[in-house]
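Down below is the structure, laid out as structure tokens.
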Amino acid sequence: MPIRGVSRDWLALALALTVGLVALCLTGATERADNLFYDWASRSSVRPPPPNIIVVAIDDRSLGAIGPWPWPRRTHAQLLERLAAYRPLAVVYDVLFLEPDPDPEADRALGLALSRLPRVFAPMLFRSPGSDGRGYDPLWPIPPVRNGATIGQAMIRPDGDGLVRKLDLAIDGQRRWTHIAALAADAGQPRRGLLNSLPAYKPRPAAAPLHAVGSRLIAFDGPPGHVTTIPFVDVLRGEVPEAFFRGRYVLVGATAPGLGDQFSTPVGGENGVMSGIEIQANFLETLIAGRGIVEAPVGARIVFGLAALWLLMVGFLRLPPNSAGFLGIALMAAFAGGSAVLLFGFRVWAPPVSTLVVLALAQPLWTWRRLSGVSAYMIEELTRLADDPDLAVSSRSSARLGQDHIFNQVDLLRDTVARVRGLRRLVGAAVQSLPDPTLLVGLDGRITLANAEAAKLFSGSPVVTPADVERFFASSQPPGFTPETFEAPEHPWIGERAGDDGSVREIMHVPWTDGDGKPLGWVARFVDITALRRAEVVREEALQLLTHDMRSPQASILALVSDDAASIGVSLKARIVHYAQRTIELADGFLRLARADAGAYERQPTDVADAVIEAADDLWTLASSRGVRIVTETGEREFIVNGNRALLIRAFINLLDNAVKFSEPGGRIVCAVSEALAGDSATVICTIRNEGRGMPPEVVAKLFRRFSHTEGKVGSVDGAGLGLAFVQSVIKGHGGEIVCTSVVGEGTTFEIRLPALGLS
């Protein structure tokens, strides 16, 4: 799958999931799922009943003992009188007294009883919508209750799924109404300043609905009945000890089914509901103990969710699939666990489901996109391979455009596997048919394939190991047969090696790559050049014999004619010396040319300027005797080439010797060495220019042919016609070139160009 396509799909998916996470957090689409998580956490954190809160319950037992509801106002007054004598810390009397009693004295008695308690709180009610276009109408208790108690609201608002999880510290309308539990908690511990933490009140229009302020999640201590509860009738009859109430919060309210409000809560118990007064008791305990659970801001949830999401997305790019999958699971577990830790340890509720949903979707979506891309890429490559006309094995694909996508891939893959197997057999047959021992060597150094000649040469069995190859060339003492032997061009495994069977093998190898050019190994050949090397030895012996047989008689002739006693005329003596010297020169030139043509000579860094100066020094005597001056222009620097110093000096001597021969007395020969740059490479240029008679173009055209020469000046010794052929052979053997330019009457210039070894 192309890298660019992967990056594009990854970025598109990351952005889509980012938008999805932000949308889920802002819209609250996962609220119900978050509530399930919160409910589970609430049920798993049961605590002992609060020791400082008592519920006086208007329950079935009390109804049976006192009578049906509603009870007379005097009954409530008697209970309040009893509680006043017990001196509780605060009393929350969660009973509505909205209508006056037919007996005004009963209402006054109730108000008087309320006033005897230092901290007593009673509820009011709201009717929505209100009258005359108002958003609500407040319904106040009767005046005696309003005068004798602190009035607050006791509204309970279930969430969207019908469960009660939080209550509001206050409700704002045309004024602020505080919750009676918050009033009680703040009154019982005035230093707490709970209500002071609320935002400042802002008046609202009469037509506007009520606005909740300071919502707090309730930290339920346990299921219904978990709070210490005493029947109303037992307190009324004085059957509960006074010490039981002293210094505690007392909440009076209905718990009998069908009488008071019943609500579903996360800890609803067997019946699934909890009475309103018990909810108020849990809320009061939450406020008193400072366990009020605050919801994390949406912005913070988005930031942490995006951090987890982008960490997972980076893992998709950087990690293997299995590791990326484990990373996703670990992030989901960490996020869920972190939400639980915040809830239990820090009383902060951070709903995790939005992030969990996005993290859960990221893995299959990314897998889908990756598999889709891989599938498309595989079909494209398999189709292109099937249509490749260069493959020696033809395609037999049965894939059809209209058939199922997966079946199409299977058919293409089946055809490709068949073609690869055919190509493998073809390659194997081609390698086996090679006349030279050939090995396929992998990047790990293992020999993956050896043809029959290699098996016969190295091991005698179809399996050839690197140790077999090393053992065969043990007499040459090369290093180990490893991948490093192929990666360095200067390594001894490249070149000629003697085998233990007496043969000489030229080791050659070429890289072995896949269709994309990625290296897979090397193809190594071990060519038997034993016969060639023997022929070269015989050739060298023949050259030595030929030159020896040619030189020895001529040397004897020269010795004889040099004897003064020899009865030879002067003219005959000169002719004999001329022919003998020419024969010796021909033998020497032939030997030099043969060795130059062979090219098997050692090379080392050589300074061309120094070689030119040495050649000029060798010919100084000859040039001086002819009245010719040799001038060298080489400067103070070096001009280094990789060459054979002796052969280069001999070549320069030949050129200077010709220049001296064809120069007039008083003439000048200039030898200049310079360097030319072309990009990262450099060339050393040597020019030898004389001021002789020059040569016509037809002579220049055949100047470097063997046994071709020009006539020298009268009295000179004619050449054998091999000197310039030798020069050309040496220069070409060094990877250079030589060019001759000549103008009749002006002189001749030879320009030699050699690749420089390095800049100096």
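The values are calculated or read from the model by the stated rules, or taken from the named source; none is laboratory data. Quantities reported herein were computed from a predicted structural model and do not represent experimental measurements. Cβ placement follows ideal geometry from the backbone for every residue including glycine, while neighbour counts extend to all protein chains displayed. Surface areas here come from the heavy atoms of the whole protein model, side chains and all, with no ligands, DNA or RNA. Shrake-Rupley method; radii C 1.70, N 1.55, O 1.52, S 1.80 Å.
Given the structure, is Gly666 surrounded by fewer than 15 Cβ atoms within 10 Å (Cβ to Cβ), modelled with pLDDT of 90 or more and farther than 21 Å from Gln728 by Cβ? Here the answer is no, as Gly666 does not meet what is asked.
The set of residues in region 450-468 being open to solvent by 50 Å² or more (accessible area, probe 1.4 Å) and at pLDDT 85 or above consists of Ala452, Glu453, Lys456, Val463, Thr465, Ala467. Consider region 333-359 and keep the residues that are open to solvent by 30 Å² or more (accessible area, probe 1.4 Å) and outside any helix (DSSP H, G or I). The one that is farthest from Gly290 (Cα to Cα) is Val348.
The set of residues in region 615-645 being open to solvent by less than 70 Å² (accessible area, probe 1.4 Å) and in a helix (DSSP H, G or I) consists of Ala615, Ala616, Leu622, Ala623, Ser624. Within region 652-661, is there a residue that is of a type outside the set (A, V, I, L, M, F, W, C), more than 26 Å from Gly735 (Cβ to Cβ) and either surrounded by 15 or more Cβ atoms within 10 Å (Cβ to Cβ) or in contact with a Gly (Cβ under 6 Å, 6 or more places away or on another chain) (or both)? Within region 652-661, one or more residues are of a type outside the set (A, V, I, L, M, F, W, C), more than 26 Å from Gly735 (Cβ to Cβ) and either surrounded by 15 or more Cβ atoms within 10 Å (Cβ to Cβ) or in contact with a Gly (Cβ under 6 Å, 6 or more places away or on another chain) (or both).
What do you reckon, is Val240 among the aliphatic types (A, V, I, L, M), part of a helix (DSSP H, G or I) and farther than 27 Å from Asp39 by Cβ? Against the criterion (among the aliphatic types (A, V, I, L, M), part of a helix (DSSP H, G or I) and farther than 27 Å from Asp39 by Cβ), Val240 does not qualify.
Checked against the criterion of being at pLDDT below 90 and open to solvent by less than 50 Å² (accessible area, probe 1.4 Å), the candidates Asp161, Asp172, Asp186, Asp234 yield just one match: Asp186.
Taking region 408-439 as the range and being open to solvent by 20 Å² or more (accessible area, probe 1.4 Å), at pLDDT 80 or above and either in a strand (DSSP E or B) or of a type in the set (Asp, Glu) (or both) as the test, only Asp436 passes.
Residues being aromatic (Phe, Trp, Tyr) and open to solvent by less than 20 Å² (accessible area, probe 1.4 Å) are represented in region 132-145 by at least one member. Residues of region 252-294 that are surrounded by 16 or more Cβ atoms within 10 Å (Cβ to Cβ), closer than 16 Å to Ala350 by Cβ and not small (Gly, Ala, Ser): Ile293 alone. The single condition among (1) open to solvent by less than 40 Å² (accessible area, probe 1.4 Å); (2) assigned to a helix (DSSP H, G or I); (3) among the hydrophobic types (A, V, I, L, M, F, W, C) that Ile54 does not meet is (2). Among the residues of region 127-179, those identified as within 21 Å of Ser264 (Cα to Cα) and β-branched (Val, Ile, Thr) are Ile156, Val164. Could you say whether any residue in region 626-647 is more than 19 Å from Ile752 (Cα to Cα) and of a type in the set (S, T, N, Q)? The answer is no; no qualifying residue exists. Of everything in region 81-112 that's open to solvent by less than 20 Å² (accessible area, probe 1.4 Å) and assigned to a loop (DSSP other than H, G, I, E, B), which residue is farthest from Gly238 (Cα to Cα)? Across region 81-112, the extreme among qualifying residues is Phe97. Contact map, region 426-445: residues that are more than 20 Å from Asp528 (Cα to Cα) paired with residues that are open to solvent by less than 20 Å² (accessible area, probe 1.4 Å) and assigned to a strand (DSSP E or B), Cβ distance under 6 Å, separation 6+ or inter-chain. Pairs shown: Gly442/Gly521; Leu443/Gly521.
Selection within region 440-449: residues that are surrounded by fewer than 17 Cβ atoms within 10 Å (Cβ to Cβ) and assigned to a strand (DSSP E or B). The member of this set that is nearest to the chain's Cα centre (by Cα) is Gly442. Remark: Asp60 matches the filter, which requires a residue to be acidic (Asp, Glu) and surrounded by fewer than 21 Cβ atoms within 10 Å (Cβ to Cβ). Among the residues of region 739-760, the ones that are open to solvent by 60 Å² or more (accessible area, probe 1.4 Å), at pLDDT 80 or above and under 60 Å from the mean Cα position of the chain (by Cα) come to 5 in all.
When you look at Arg73, is it open to solvent by 70 Å² or more (accessible area, probe 1.4 Å) and either at positive phi or not hydroxyl-bearing (Ser, Thr, Tyr) (or both), yes or no? It is false that Arg73 is open to solvent by 70 Å² or more (accessible area, probe 1.4 Å) and either at positive phi or not hydroxyl-bearing (Ser, Thr, Tyr) (or both). Listed conditions (1) closer than 20 Å to Gly290 by Cα; (2) among the β-branched types (Val, Ile, Thr); (3) over 55 Å from the mean Cα position of the chain (by Cα) are all met by Val164, apart from (3). All conditions but one from (1) aliphatic (A, V, I, L, M); (2) at pLDDT below 95; (3) under 23 Å from Pro224 (Cβ atoms) apply to Ala16; the one that does not is (3). Looking for something under 25 Å from Glu278 (Cβ atoms) and of a type outside the set (A, V, I, L, M, F, W, C) - is there at least one such residue anywhere in region 169-181? Yes: region 169-181 contains one or more residues that are under 25 Å from Glu278 (Cβ atoms) and of a type outside the set (A, V, I, L, M, F, W, C).
Looking across Gly736, Gly692, Gly721, Gly679, one residue alone is within 54 Å of the chain's Cα centre (by Cα) and either at pLDDT 90 or above or open to solvent by less than 20 Å² (accessible area, probe 1.4 Å) (or both). It is Gly736.
Note on region 57-74: residues that are assigned to a helix (DSSP H, G or I) and without any contact (Cβ under 8 Å) to a residue 24 or more places away in the chain total 1. The set of residues in region 507-538 being more than 22 Å from Leu457 (Cβ to Cβ) and not in a strand (DSSP E or B) consists of Asp514, Gly515, Asp516, Gly517, Lys518, Glu536, Val537, Val538.
The set of residues from region 591-638 being modelled with pLDDT under 60 and either β-branched (Val, Ile, Thr) or in contact with a Ser or Thr (Cβ under 7 Å, 6 or more places away or on another chain) (or both) comprises Leu591, Leu593, Ala596, Asp597.
Within the option set Arg539, Arg525, Arg471, Arg534, being among the basic types (Lys, Arg), open to solvent by 60 Å² or more (accessible area, probe 1.4 Å) and at pLDDT below 75 holds for one residue only, Arg539.
Here Ala399, Ala324 are screened, and the one residue that is of a type in the set (A, V, I, L, M, F, W, C), over 18 Å from Leu21 (Cβ atoms), at pLDDT below 80 and open to solvent by less than 30 Å² (accessible area, probe 1.4 Å) is Ala399.
Out of curiosity, is Pro199 surrounded by fewer than 21 Cβ atoms within 10 Å (Cβ to Cβ), out of contact with any strand residue (DSSP E or B) (no Cβ under 7 Å at 6 or more places or on another chain) and not hydroxyl-bearing (Ser, Thr, Tyr)? Taking the combined requirement at face value, the residue does not satisfy it. When residues in region 314-332 are screened for being aliphatic (A, V, I, L, M), over 30 Å from Glu295 (Cα atoms) and out of contact with any Leu (no Cβ under 7 Å at 6 or more places or on another chain), 2 of them pass.
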